[in-house]
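The values are calculated or read from the model by the stated rules, or taken from the named source; none is laboratory data. These numbers come from a predicted model, not from an experiment. Quick reminder, even Gly has a Cβ in these numbers, built from the backbone with ideal geometry, and neighbours come from all protein chains shown.
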Amino acid sequence: VFAHVPPYPGDPILSLMEAFQQDARADKVSLSIGLYFDEQGRLPVLDCVRQAAQALSQNAVPCGYLPIEGIAPYRQLVQDLVFGADHEAVRAQRIATIQSLGGSGALKVGADFIKRYFPDAEIWLSDPTWENHLAIFEGAGLRTHSYPYYDAATGGLRFDAMMDTLRGIPSGSVVLLHASCHNPTGVDLSREQWQQLIPVIVERGLIPFVDMAYQGFGDGLDEDAWSVRALAEAGAQAFVANSFSKNFSLYGERVGGLSVVCNDATTAANVLGQLKATVRRNYSSPPTQGARLVQQVLQSPELSAQWAGELAEMRGRIKDMRARLHHALHERFGERRDFGFLLTQRGMFSYTGITEPQVHRLRVEHGVYLIRSGRMCMSGLSRANVQHVADAIAHVLG
Ligand code: LMR
């Protein structure tokens, strides 16, 4: 019966995590999947989360089904965090927000919703983008296209080419944008560039779908959400997927949100209803624990402040690692090769320009794991391994 089912070649990112776990070498370094590791190479349990878990365990509540759309106070806290509590769109109640299964779950519910209510819409994604964006939107039945984004020659952005393309695509098209900390390149639009892009989106009637999986890892919680807030302020009707996987180190809890910015509160209520219908058809209702933990932190001024501090530490450590790797590579290469992009790219990822065969050699010969595209996850670096990584890169680049 199942003879025609082909083997699964494995996910390009998650399969590397499995290979890494099976690698017996003591000096192996995981720079592939987007996980934040601390200086000791461990996934942190944030202190604010530990305290939230303790508080919750002292007050055990039954584990019934959550509402389809998730926990109401959690959903409000998501809106406040993503848009800012005093954003006009929040106060006007013109945003529909549901609790989602991480950022991927938000993308999937949004994609299904788009397929149903905008059946002819096609989606435009940055070249390159996170591999799973393509899988999720194609899986939901949308046609995907790409717009120019990364400039391999400079390690920067092809902004003019991006704008030309977006000016020419059909009105009503969906445009996937990364709020900050672009995955996989680490190359973001500047505020000035967003200010040029946003009017084009609004005037041309494009539908932005903003993925914000790394809020707080670029410049700060508010700074990283600036693009989302500016879009909503300019009157864009937009989808926003946000994730607490990385910034709360709650990967396995699958906790995030999907917000849809509408024109008015009545439309938002209808959209919320249809998002609920989409969830019910998918997985019925979301899980409890992760959202309770996030809620417990965000509703407490003390725990939120502590969280912001712990996040600032993670962000600072990544920046430090960028500087250290840049320094070590500059020592090895001098003027022969420019690694300045390590300092200008932001967030967890950098696109290194290391080719697929070189990535292969890094893994096989040195136990240094990158994604085959040459994407490096900077948060896998530590003071203990950065020299080993620089030496390995110097070895394969020759
Ligand atoms: C990544 O890009 O490494 C992360 O978003 C994790 C994932 O699920 O791929």
- prompt: Looking at the range 364-373, is at least one residue modelled with pLDDT of 95 or more, under 20 Å from residue 13 (Cβ atoms), among the aromatic types (Phe, Trp, Tyr) and surrounded by 15 or more Cβ atoms within 10 Å (Cβ to Cβ)?
  reply: yes
message: Which numbered condition in (1) within 12 Å of the ligand (Cβ to nearest atom); (2) farther than 22 Å from residue 347 by Cα is the only one that residue 24 fails?
response: (1)
message: Exactly one of these conditions fails for residue 307: (1) within 16 Å of the ligand (Cβ to nearest atom); (2) in contact with a Cys (Cβ under 6 Å, 6 or more places away or on another chain); (3) under 17 Å from residue 43 (Cα atoms). Give me its number.
response: (1)
message: Return the residues of the range 139-151 that are surrounded by fewer than 16 Cβ atoms within 10 Å (Cβ to Cβ) and within 16 Å of the ligand (Cβ to nearest atom); say none if nothing qualifies.
response: 139
message: For the range 10-40, give me the residue count where each residue is closer than 20 Å to residue 214 by Cβ and assigned to a loop (DSSP other than H, G, I, E, B).
response: 12
field: Residue that is nearest to the ligand (Cβ to nearest atom), among those in the range 363-396 that are in a helix (DSSP H, G or I) and within 15 Å of residue 19 (Cβ to Cβ)
entry: 380
field: Complete set of residues in the range 155-166 that are crowded, with 16+ Cβ neighbours inside 10 Å and either among the polar types (S, T, N, Q) or in a helix (DSSP H, G or I) (or both)
entry: 159, 162, 163, 165, 166
- request: May I ask you to say which residue of 330, 326 is within 16 Å of residue 392 (Cα to Cα) and in contact with a Leu (Cβ under 8 Å, 6 or more places away or on another chain)?
  value: 326
message: Against the definition (more than 22 Å from residue 245 (Cβ to Cβ) and not assigned by TED's automatic domain parsing to the domain that holds residue 309), how does residue 85 come out, yes or no?
response: yes
- prompt: Within the range 343-362, can one find any residue that is more than 16 Å from the ligand (Cβ to nearest atom), under 26 Å from residue 190 (Cα atoms) and not hydrophobic (A, V, I, L, M, F, W, C)?
  reply: yes
All positions within the range 27-48 that are under 21 Å from residue 381 (Cβ atoms), in contact (Cβ under 8 Å) with a residue 60 or more places away in the chain and more than 16 Å from the ligand (Cβ to nearest atom): 27, 28, 38, 39, 40, 41, 44, 45, 46
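Here is a yes/no grid of residues against (1) under 18 Å from the mean Cα position of the chain (by Cα); (2) closer than 30 Å to residue 273 by Cβ; (3) not hydrophobic (A, V, I, L, M, F, W, C):
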residue: 117; (1), (2), (3): no, yes, yes
residue: 120; (1), (2), (3): no, yes, yes
residue: 133; (1), (2), (3): yes, yes, yes
residue: 159; (1), (2), (3): no, no, no
residue: 162; (1), (2), (3): no, no, no
residue: 167; (1), (2), (3): no, no, yes
residue: 171; (1), (2), (3): no, yes, yes
residue: 179; (1), (2), (3): yes, yes, no
residue: 183; (1), (2), (3): yes, no, yes
query: Is it the case that some residue within the range 4-15 is in contact (Cβ under 8 Å) with a residue 12 or more places away in the chain and of a type in the set (A, V, I, L, M, F, W, C)?
result: yes
message: Anything in the range 80-110 that is of a type in the set (A, V, I, L, M) and either within 16 Å of the ligand (Cβ to nearest atom) or farther than 30 Å from residue 155 by Cα (or both)? List them, or say none.
response: 81, 85, 89, 90, 92, 95, 96, 98, 101, 106, 107, 109
query: Out of all the residues in the range 65-103, which are in contact (Cβ under 8 Å) with a residue 40 or more places away in the chain, over 30 Å from residue 143 (Cα atoms) and assigned to a loop (DSSP other than H, G, I, E, B)?
result: 65, 66, 67, 71, 84, 87, 92, 93
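Rundown of residues vs (1) out of contact with any strand residue (DSSP E or B) (no Cβ under 8 Å at 6 or more places or on another chain); (2) among the small types (Gly, Ala, Ser); (3) part of a helix (DSSP H, G or I); (4) crowded, with 21+ Cβ neighbours inside 10 Å, yes/no style:
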site	(1), (2), (3), (4)
105	no, yes, yes, yes
108	yes, no, yes, yes
116	yes, no, yes, no
121	no, yes, no, no
133	no, no, yes, yes
153	yes, yes, no, no
field: Selection count, the range 171-216, where residues are touching a residue at least 60 places away in the same chain (Cβ under 8 Å), of a type in the set (Val, Ile, Thr) and within 16 Å of the ligand (Cβ to nearest atom)
entry: 2
